[in-house]
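**Student:** Got a structure for you, written out below as structure tokens; questions coming shortly.
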């Protein structure tokens, strides 16, 4: 039984994170026993989201974060597609630093959006999943302005 707000996530810390342009791209598609099960059960009841986040504390628990950027996507049944989140994370004020805090990370989130309970079938012939074939994170550092000395 799944309640509204129940989520599953795939997350990874960004090592040596700093301010700059981050581009998170996944190749993902839907998998299910049938296209109808995928659309009427999975896509109809869940949201799918890419996110860049800051950990809330030094435990680095990916369930306890502040999202800095996110975008929703809708996977298609049986057809992997590229989905991208592109965001500049950093200070736009000369002489100021971007706060990394306890670290940054990326995650793919699947969350039940519909109210009420969703009772999952014990019948494996009625299953559905998000199939992630690849994940790529690219980073371009902020261009240094040598005229800023403070």
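**Student:** Among the numbered conditions (1) in a strand (DSSP E or B); (2) under 13 Å from the mean Cα position of the chain (by Cα); (3) exposed (fewer than 13 other Cβ atoms within 10 Å of the Cβ), tell me where residue 133 comes up short.
**Tutor:** Only one criterion in (1) in a strand (DSSP E or B); (2) under 13 Å from the mean Cα position of the chain (by Cα); (3) exposed (fewer than 13 other Cβ atoms within 10 Å of the Cβ) is unmet by residue 133, namely (2).
**Student:** Residues of segment 5-36 being crowded, with 18+ Cβ neighbours inside 10 Å, at pLDDT below 95 and under 22 Å from residue 133 (Cβ atoms), which ones?
**Tutor:** Hit for segment 5-36 is 32, nothing else.
The values are calculated or read from the model by the stated rules, or taken from the named source; none is laboratory data. Since we're looking at a predicted model, the values are computed, not measured. With ideal geometry, Cβ positions are generated from the backbone for all residues, glycine too; neighbour counts draw on all protein chains shown.
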